[in-house]
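To start, the structure under review is shown below, and the notes come after it.
The values are calculated or read from the model by the stated rules, or taken from the named source; none is laboratory data. Being a predicted model, the structure only gives us computed values, none of them experimental. Here the Cβ is made from the backbone with ideal geometry for all residues, glycine too, and neighbour counts use every protein chain on show.
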Amino acid sequence: MVFQIFSNCIGTFLFKDGKIAAEKLFSDDQIISYHDKVKEGKEIAPEKDMLSKNAGAEVLRGKIPPGPVLKQFSEAKYLKRMREASIIITKREIAESVRRDHLIIQASNNIEETDKVINNLAKRLREWYELYNPEFSKSIESHEKFAEIIQEKSRKELLEEIGLKEELSMGAAFSTEDLEPIMRLAAGITSFADLRSEQTAYVEKVMKDLLPNVNAVAGALIGAKLLARAGSLEKLSLFPASTVQLLGAEKALFRHIKTGARPPKFGLIINHPLVSRAKSSVRGKAARMVADKISIAAKIDFFKGEYHGDDLKKELEAKLR
Amino acid sequence: MTIQENRLKGIFTEKKGKKIIFLTKNLTPGKTVYGESTYRAGKDEYREWVHTRSKLGAALAKKVTQLGIYPGSKVLYLGASTGTTASHVSDVVGNDGFVFALDFAPRTTRNLMYLCELRKNMSPIIADAKHPERYAGQVTIVDCVFQDIAQRDQAEIFMKNCDAFLKKDGFGVLAVKARSVDVAKKPKQVFQQVRAYLESRMIIVDYKELDPFEKDHCIFVCKKK
Ligand SMILES: C[S@@+](CC[C@H](N)C(=O)[O-])C[C@H]1O[C@@H](n2cnc3c(N)ncnc32)[C@H](O)[C@@H]1O
C-alpha cells in the first residue's frame with residue numbers, strides 16, 4: 001500500500017493508493033497562513049500531525065502530485081471550497097502586490113499627464129485672452145507665469161510693461177462678465193501647476209528613499225519615467241544597459257525591426273543633461289555611458305545595496321568631460 | 001430573433017444581415033463583461049462573443065471544427081487577463097464545469113476577481129504559468145488546458161501544464177503569437193516550428209491562423225495522447 005500526504009489550498013490530505021483516506025480541512029484563517037508555507041515547500045502543522053499517525057507516508061511537497069491524487073479534488077464539494085480559498089488567497093496577493101515603486105510610477109505618469117493638460121488649457125487661455133489683450137501674450141513664454149500674471153495685473157499694467165498704450169491696442173473691450181471665465185481658466189491652470197510641483201516634490205522624495213542610486217545618476221524625474229516605462233524596479237534592474245538606453249523609444253524601435261528604418265539611438269535618456277548637452281557627434285556615446293550607469297544603479301537599488309550614487313555620477317561626469 | 005444552436009456544443013449563432021455572430025448563454029444574466037451586446041430569447045440571455053476581442057472568438061469566426069471546451073468541462077485557462085475570453089469559456093462549460101483562471105499580473109487579476117465572485121464556476125489564480133508546481137494546490141486534473149500568454153517559450157510552458165494537469169484524451173488549446181516567439185522569423189515559420197514541437201507529444205486535431213482578426217496569431221487544438 002502507498003501512503004501519501006498532500007496539502008493544497010483547502011487542506012491536508014492522506015491518500016491511500018490514490019484515494020483520500022483522511023483529511024484536515026483548513027478554516028478561512030488557516031487558508032492564508034498555510035498557503036505561503038505550502039507554496040515555499042515548508043512543512044505545516046497538519047502535515048506533521050498526519051505524518052505522526054501514518055509513519056512512513058510520503059509527503060508530496062514542492063512538486064506536482066501525480067494525476068490520481070489531483071483528480072480527487074474534482075469532486076464538487078472540494079471544487080467549491082477551492083474556489084473560496086483561491087478567492088481569499090488571490091485577494092490578499094493583489095493587496096500585497098502593491099509596492100512603493102508603483103506609487104512612483106503613478107505619480108510620474110500623472111506629472112506627464114498634468115503637463116499635457118496645462119499645455120492644452122494654456123493654449124486655449126492664450127487664444128481667448130488675446131481677443132482682449134493680443135500684444136502681451138508673446139512677451140511671456142512660460143504658460144504658468146502667463147496664467148499667473150494675467151490674474152494679478154490689469155491689461156493697462158501689462159501693456160505698460162511692454163511699453164504700449166492701452167488705447168492703441170488691438171484688443172477688444174470686455175465687460176467684467178466676459179473677462180470672468182478667462183480668469184477662472186487661468187486660476188485652474190495655476191492650480192494644475194501647483195499640483196505638478198507638489199507631485200514632483202513627492203516623486204523626488206520617494207525616489208531618494210527607494211531608488212537612491214538611480215536618483216543620483218538619472219535625476220528624480222527621468223529616473224521615475226524610466227521606472228514607469230519598465231513597469232517596476234525589478235524589471236528595470238533586469239534590463240541590460242542597451243534596453244535602458246532605448247526606453248521611451250519603443251515605437252521607433254519597433255518601426256526599425258519591422259521596416260528596417262534607422263534604429264533609434266536613445267529614448268528618454270536624451271533629456272539627461274549629460275546627453276542633451278553633449279555635442280551631437282558624441283551624443284550616442286554619452287547616451288550609452290549614462291544608460292550603463294543607470295543600469296548599474298538600478299541593480300544596486302533593487303538589491304538594496306549601499307549608496308554609490310555620488311561615485312557613479314562623478315565617474316560619469318569625468319568620462320564625459 | 002433566430003438564435004440557433006451551433007454544431008459546437010455550448011455555442012450559439014445569430015444571423016445579423018449577411019454575417020453570423022457567435023453567442024454564449026450568459027451565466028449571469030443582466031451582467032456583461034467587456035461591453036459586448038446581449039440578446040434575449042425567452043428566459044435566456046445570450047452574450048455576443050466578439051471575434052475581434054478574443055482569440056478563441058476569432059477561431060470560431062474562422063470556422064474552427066473543435067473547440068476542446070464543452071458543457072461540463074473543467075478548464076485550466078492560462079493567461080486569463082481581465083477575463084474577456086474566460087467569461088465565454090465559463091458560459092460554455094456552465095455550472096457543471098469549472099474554469100481555473102490564471103494570470104501572473106495582479107493588476108489585471110483585480111478585474112478578473114470581480115468576474116470570479118459573480119461566477120460560481122470560476123476561480124482566480126495569480127501565478128506564473130512557467131511553474132505549475134506553485135499552483136498545483138489550487139487546481140485539479142482538467143479536461144482542457146487553454147493557453148494564451150505572450151511568452152517566448154509559450155509552447156514549452158503549454159506542454160508542462162498539459163503534462164501536469166491534463167487528463168488523458170483531454171484537449172490542449174494553444175494560441176500562439178508569432179512575434180513573442182521570434183520577432184525576426186516569419187510567422188509561418190514560427191507556427192511550423194511550434195507544430196513540430198506539439199506533434200511530438202500530442203495529436204493536432206485542428207489549426208487555424210487568426211488573421212485578419214488577430215494579426216500573426218494562430219491557434220492549435222490538440223488532444224493528449
Ligand atoms: C494576450 S493576454 C490574454 C487575453 C485573454 N486570453 C483574453 O482573450 O481575454 C496575455 C495574458 O497573459 C498573461 N501572462 C503572460 N505571461 C504569463 C505567464 N508566464 N504566466 C501567467 N500569465 C502570463 C499576461 O499577464 C496577460 O494578461
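Among the residues of region B:116-173, those identified as closer than 29 Å to B:Pro29 by Cβ and aromatic (Phe, Trp, Tyr) are B:Phe146, B:Phe171. Among the candidates B:Thr65, B:Thr28, B:Thr38, the residue that is away from the ligand (no atom under 16 Å from the Cβ), within 21 Å of B:Ile204 (Cβ to Cβ), over 13 Å from the mean Cα position of the chain (by Cα) and among the hydroxyl-bearing types (Ser, Thr, Tyr) is uniquely B:Thr65. When you scan region B:182-199, do you find a residue that is assigned by TED's automatic domain parsing to the domain that holds B:Val92, touching a residue at least 12 places away in the same chain (Cβ under 8 Å), of a type in the set (A, V, I, L, M) and not in a helix (DSSP H, G or I), even just one? Scanning region B:182-199, I find no residue that is assigned by TED's automatic domain parsing to the domain that holds B:Val92, touching a residue at least 12 places away in the same chain (Cβ under 8 Å), of a type in the set (A, V, I, L, M) and not in a helix (DSSP H, G or I), so the answer is no.
Only one of the numbered conditions (1) closer than 20 Å to B:Val176 by Cβ; (2) within 13 Å of the ligand (Cβ to nearest atom) is not met by B:Cys144, and that is (2).
One residue stands out in region B:163-200 among those that are in contact with a strand residue (DSSP E or B) (Cβ under 7 Å, 6 or more places away or on another chain), small (Gly, Ala, Ser) and away from chain A (no Cβ under 14 Å): the one that is nearest to the ligand (Cβ to nearest atom), namely B:Ala175. Scanning region B:121-162 for residues that are more than 13 Å from every other protein chain (Cβ to nearest Cβ), farther than 22 Å from B:Asn95 by Cα and either at pLDDT below 95 or not in a loop (DSSP other than H, G, I, E, B) (or both) gives B:Ala150, B:Gln151, B:Arg152, B:Asp153, B:Gln154, B:Ala155, B:Glu156, B:Ile157, B:Phe158, B:Met159. With a requirement of 2 or more residues that are basic (Lys, Arg), the helices (runs of 4 or more DSSP H) lying completely within region A:243-321 that satisfy it span A:250-259, A:283-302, A:309-319. For region A:52-72, filtered to residues that are assigned to a loop (DSSP other than H, G, I, E, B) and without any contact (Cβ under 8 Å) to a residue 12 or more places away in the chain, the residue that is farthest from the other protein chains (Cβ to nearest Cβ) is A:Ala55. Among the residues of this structure, A:Arg255 counts as one that is within 26 Å of B:Ser180 (Cβ to Cβ) and among the charged types (D, E, K, R).
Residue by residue, here is whether (1) at negative phi; (2) touching a His at 6+ places or on another chain (Cβ under 8 Å); (3) in a loop (DSSP other than H, G, I, E, B); (4) not assigned by TED's automatic domain parsing to the domain that holds A:Phe26 holds:
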position	(1), (2), (3), (4)
A:Arg92	yes, no, no, no
A:Ile111	yes, no, no, yes
A:Leu121	yes, no, no, yes
A:Asn133	yes, no, yes, yes
A:Lys145	yes, no, no, yes
A:Glu167	yes, no, no, yes
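Checked against the criterion of being surrounded by fewer than 20 Cβ atoms within 10 Å (Cβ to Cβ) and either farther than 16 Å from B:Arg134 by Cβ or facing chain B (nearest Cβ under 10 Å) (or both), the candidates A:Ala95, A:Ala85 yield just one match: A:Ala95. Residues that are surrounded by fewer than 24 Cβ atoms within 10 Å (Cβ to Cβ), more than 14 Å from the ligand (Cβ to nearest atom) and facing chain A (nearest Cβ under 8 Å) within region B:88-120 comprise B:Glu117, B:Lys120, listed in sequence order. Annotation note: of A:Arg184, A:Arg155, A:Arg196, the sole residue that is without any contact (Cβ under 8 Å) to a residue 40 or more places away in the chain and surrounded by 15 or more Cβ atoms within 10 Å (Cβ to Cβ) is A:Arg155.
Only one entry in B:Leu23, B:Leu8 is assigned to a strand (DSSP E or B) and away from the ligand (no atom under 14 Å from the Cβ), namely B:Leu23.
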